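What follows is a short report on a single structure.
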Amino acid sequence: MLLQANGITKLYGVTPVLDGINLQVLERERIGLVGVNGAGKSTLLKILAGEMSYDGGQIFKAKETTVGYLAQNSGLQSDSSIWNEMLDVFTPLLEMERELRQMEEQIADPKSSEDPKKYQELLDRYAIRSDWFKDQGGYEIETRIRSVLHGMGFGSFSPDTSIATLSGGQKTRLALAKILLQAPDLLMLDEPTNHLDIATLTWLEDYLRGYSGSLLVVSHDRYFLDRLVTTIVEIERRHSKKYTGNYSRYIELKAAEYESQLKQYEKQQDEISRMETFIQRNLVRASTTKRAQSRRKALDKMDRLDKPLGDLKKAHFSFEAEYMSGKDVLHVRDLSLSFEEGKPLFRQASFDLSRGETVALIGPNGVGKSTLLKCLIGTMKPSAGSLQWGTKVKIGYYDQEQSELNPSNTVLEELWGTYPHMEEARIRTVLGNFLFSGEDVLKKVSSLSGGEKARVSLAKLMLLEANMLILDEPTNHLDLFAKEVLESALMDYEGTLLFISHDRYFLNKMAERILELHPDGIQHFLGNYDDYTEKKQEILDMNDEPSEPFARHTLKQEGKAEVSAEKQGAVSFEAEKQAKREERNRQRKLVSLEEQIHTLESEISELETEMTLPEIYQDYMALQERQQSLEEKKRQLEQIFAEWESLLES
């Protein structure tokens, strides 16, 4: 065991943030720390790293255990160059290397061999230090630095680049690179996937999967958690609970646990109700008084179960279109954008969108994805090419920076100012759905967290009732549960969706088609993220040569052969696209039918219970009315069951 925390409690004033948290980390264990925003995940990491005090509990750590901690968005602040900063990690090895060079000079000096005994001691000392230097990786320092820098996206940077000239995101990535090179026994990372594109994310996952130490990671990247961790520790309502498995397994276990606890609670409530009814009916009868009193004693002694708490309060919303757009939504041809110095950011980008499609736009950081979206909505003008929107297209745009929000507005003013003709009660109801209730609606936008600003932007977008949504990194700043709510809302959306995302879990769940943007154009892939990676691997295998994760395969470079292939495959492409859309609609219909079945079964059960009540079965008219209603609901249930079974078989 590398580290153990027992009963950790943290107070802010008199308010507990963490209450009795338990956590243990074993050798080579990979732990994901999850919970809603504000649950205390970052606070716990700071406590374990010794950067924050705590008010109760104990932390045990072996003296020889080294701990590395990288806080969220903590970029390197240094006047050094990239290379020298990475070399600092290996200072003990570099000092040993200098000592070895000095010893080699002494060994080569003829005077040293004049005293055989001292000379042998020198040779022995050199052998021991040389072996230590080799075992600690002294001969691999440059290779390790170059490998990590390349993986973290600094392969094209000059080693002499000053860290002070880097952007905030680059400094954060460099801080992550440095802590990876330090290779502590326990590596604690708070949101390490921020500021990483998909290529870098994939490299980081592979690196951490082979990491020799233990990992404790806070992340909202569900794909990352699924690939990396073997244990989930959830912080909920100030307490912790451990689940074995990755994130998807944790979701399954948590749902099953809740259902089991709810059934036990409901079973006990039924038993309590029957006992109380028996006591009320029999306590006054002489012949049954003793039995009733016995039941009352048993009831008093019963260890009553608390009703299991469901999920924490979640936002709930849906996107609806005011009216339907035409079938052809967008036509983009040879779109290019250049800056003042004349160097193109991207060129010859071409694609089409049809009504109801859900399409993802991906590519490495800096290739111009957000810029392309801004060209589409008209806030930036392309240097060349054309774009044409279809008929009756109403566009809703989500900016990852939330730049459209007015910092001086309150939350209420922000929505009401955009929709001034809407009643205040309606505005407050919508904000309540997005978890802004009571005095929360009077908070200034400038004081909101990233997640709160994201919810305000989504609320404004929902009220727009657009039939074309353009979303730039919509899952940024959202916690795991809020992401699932957003996904559910978008899955039910009937309009057209084009989005940028580095969230591969979101890409897998939402995308029907993927557009990969390169400096020289767009490459098209049918399917979700897993389909995309499979196709990319097929391309690599066919070429049988190494390639970057975002290799520059463009329509123009692939030439006439690909154009011909596209024509031949157009029919099958459209057929497969239509099949995916139909499958998505089928799944939605299944969910709807299952909800109707559940509702009807509950109503039938309630009617049957009512018909057993004396005031009902002794009243002929009331009984007949309920009997007719019961038969009608059973008939409806049979019809819905038949439709559900037919849909399931198809």
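Looking for something touching a strand residue (DSSP E or B) at 6+ places or on another chain (Cβ under 9 Å), open to solvent by 60 Å² or more (accessible area, probe 1.4 Å) and either assigned to a loop (DSSP other than H, G, I, E, B) or outside the structural domain of residue 459 (by the TED database) (or both) - is there at least one such residue anywhere in segment 410-421?
Taking every residue of segment 410-421 in turn, none turns out to be touching a strand residue (DSSP E or B) at 6+ places or on another chain (Cβ under 9 Å), open to solvent by 60 Å² or more (accessible area, probe 1.4 Å) and either assigned to a loop (DSSP other than H, G, I, E, B) or outside the structural domain of residue 459 (by the TED database) (or both).
Can you tell me which residues in segment 446-457 are open to solvent by 20 Å² or more (accessible area, probe 1.4 Å) and more than 19 Å from the chain's Cα centre (by Cα)?
446, 447
Counting residues that are open to solvent by less than 30 Å² (accessible area, probe 1.4 Å) and modelled with pLDDT under 75, which helices (runs of 4 or more DSSP H) fully inside segment 508-625 reach at least 2?
Here the list reads 555-610.
Can you report the number of residues in segment 333-387 which are charged (D, E, K, R) and part of a strand (DSSP E or B)?
Residues in segment 333-387 being charged (D, E, K, R) and part of a strand (DSSP E or B): 4 in total.
Going through segment 486-507 one residue at a time, which ones are surrounded by fewer than 20 Cβ atoms within 10 Å (Cβ to Cβ) and either under 19 Å from the mean Cα position of the chain (by Cα) or in a helix (DSSP H, G or I) (or both)?
Hits for segment 486-507 are 487, 488, 489, 491.
So, in segment 318-333, of the ones that are touching a strand residue (DSSP E or B) at 6+ places or on another chain (Cβ under 9 Å) and open to solvent by 20 Å² or more (accessible area, probe 1.4 Å), which residue ends up farthest from residue 463 (Cα to Cα)?
Top of the filtered list is 333.
How many of the residues making up segment 237-280 are crowded, with 16+ Cβ neighbours inside 10 Å and in contact with a Pro (Cβ under 9 Å, 6 or more places away or on another chain)?
The qualifying residues number 1.
Among 65, 91, 43, which is in contact (Cβ under 8 Å) with a residue 12 or more places away in the chain, of a type outside the set (D, E, K, R) and not in a loop (DSSP other than H, G, I, E, B)?
43
Which numbered condition in (1) at pLDDT below 90; (2) closer than 20 Å to residue 511 by Cα; (3) not acidic (Asp, Glu) is the only one that residue 495 fails?
Every condition holds for residue 495 apart from (1).
So which residues in segment 127-139 are farther than 11 Å from residue 96 by Cα, free of Cβ contacts under 8 Å to residues at least 24 places away in the same chain and either open to solvent by 100 Å² or more (accessible area, probe 1.4 Å) or outside any helix (DSSP H, G or I) (or both)?
Correct list: 128, 135, 139.
Which residue is farthest from residue 403 (Cα to Cα), if the candidates are limited to segment 463-485 and must be over 19 Å from the mean Cα position of the chain (by Cα) and assigned to a loop (DSSP other than H, G, I, E, B)?
Out of the qualifying residues, it is 467.
Would you check which residues across segment 13-29 are touching a residue at least 60 places away in the same chain (Cβ under 8 Å) and either within 14 Å of residue 238 (Cα to Cα) or surrounded by fewer than 21 Cβ atoms within 10 Å (Cβ to Cβ) (or both) and list them?
Listed by number, the residues that qualify are 16, 17, 18, 19, 20, 21, 22, 23, 26, 27, 28, 29.
Here is a list of conditions, (1) under 23 Å from residue 196 (Cα atoms); (2) at pLDDT 85 or above; (3) surrounded by fewer than 17 Cβ atoms within 10 Å (Cβ to Cβ), and residue 99 meets all of them except one; can you say which number that is?
(1)
How many residues are on the phi > 0 side of the Ramachandran plot and either in contact with a Lys or Arg (Cβ under 8 Å, 6 or more places away or on another chain) or assigned by the TED database to the domain that holds residue 89 (or both) when one looks only at segment 25-55?
Count: 2.
Quick check on segment 261-282. Is at least one of its residues closer than 27 Å to residue 23 by Cβ and modelled with pLDDT under 85?
Yes, because at least one residue in segment 261-282 is closer than 27 Å to residue 23 by Cβ and modelled with pLDDT under 85.
Given the criterion over 22 Å from residue 195 (Cβ atoms), over 24 Å from the mean Cα position of the chain (by Cα) and at pLDDT 85 or above, identify the matching residue among 443, 460.
The match here is 443.
Any idea how many residues of segment 46-57 are part of a helix (DSSP H, G or I) and not charged (D, E, K, R)?
Counting residues in segment 46-57 that are part of a helix (DSSP H, G or I) and not charged (D, E, K, R) gives 2.
Looking at (1) of a type in the set (Gly, Ala, Ser); (2) touching a helix residue (DSSP H, G or I) at 6+ places or on another chain (Cβ under 6 Å); (3) free of Cβ contacts under 8 Å to residues at least 12 places away in the same chain, can you tell me which one residue 210 breaks?
(2)
Regarding residue 180, is this residue under 20 Å from the mean Cα position of the chain (by Cα), open to solvent by less than 10 Å² (accessible area, probe 1.4 Å), within 23 Å of residue 504 (Cβ to Cβ) and in the same structural domain as residue 223 (by the TED database)?
no
Residue 60 is checked against (1) part of a helix (DSSP H, G or I); (2) farther than 24 Å from residue 134 by Cβ and fails just one. What number does that condition carry?
Just one mismatch for residue 60, condition (1).
Conditions first: (1) open to solvent by 80 Å² or more (accessible area, probe 1.4 Å); (2) part of a helix (DSSP H, G or I); (3) among the polar types (S, T, N, Q). Residue 156 passes all but one, so which condition is the exception?
(2)
Looking at (1) among the acidic types (Asp, Glu); (2) surrounded by 14 or more Cβ atoms within 10 Å (Cβ to Cβ); (3) without any contact (Cβ under 8 Å) to a residue 24 or more places away in the chain, can you tell me which one residue 109 breaks?
The one condition residue 109 does not meet is (2).
Hey, any hits in segment 424-436 for a residue that's part of a helix (DSSP H, G or I) and closer than 26 Å to residue 42 by Cα?
No, segment 424-436 contains no residue that is part of a helix (DSSP H, G or I) and closer than 26 Å to residue 42 by Cα.
Taking the conditions exactly as written (open to solvent by less than 60 Å² (accessible area, probe 1.4 Å), of a type in the set (Val, Ile, Thr), modelled with pLDDT of 90 or more and under 25 Å from residue 41 (Cβ atoms)), does residue 198 satisfy them or not?
Spelling it out, it is not the case that residue 198 is open to solvent by less than 60 Å² (accessible area, probe 1.4 Å), of a type in the set (Val, Ile, Thr), modelled with pLDDT of 90 or more and under 25 Å from residue 41 (Cβ atoms).
The values are calculated or read from the model by the stated rules, or taken from the named source; none is laboratory data. Nothing here was measured: the structure is a model prediction, and the numbers come from that model. Note: ideal-geometry Cβ built from the backbone for every residue, glycine included; neighbour counts use all protein chains shown. Surface areas here come from the heavy atoms of the whole protein model, side chains and all, with no ligands, DNA or RNA. Shrake-Rupley method; radii C 1.70, N 1.55, O 1.52, S 1.80 Å.
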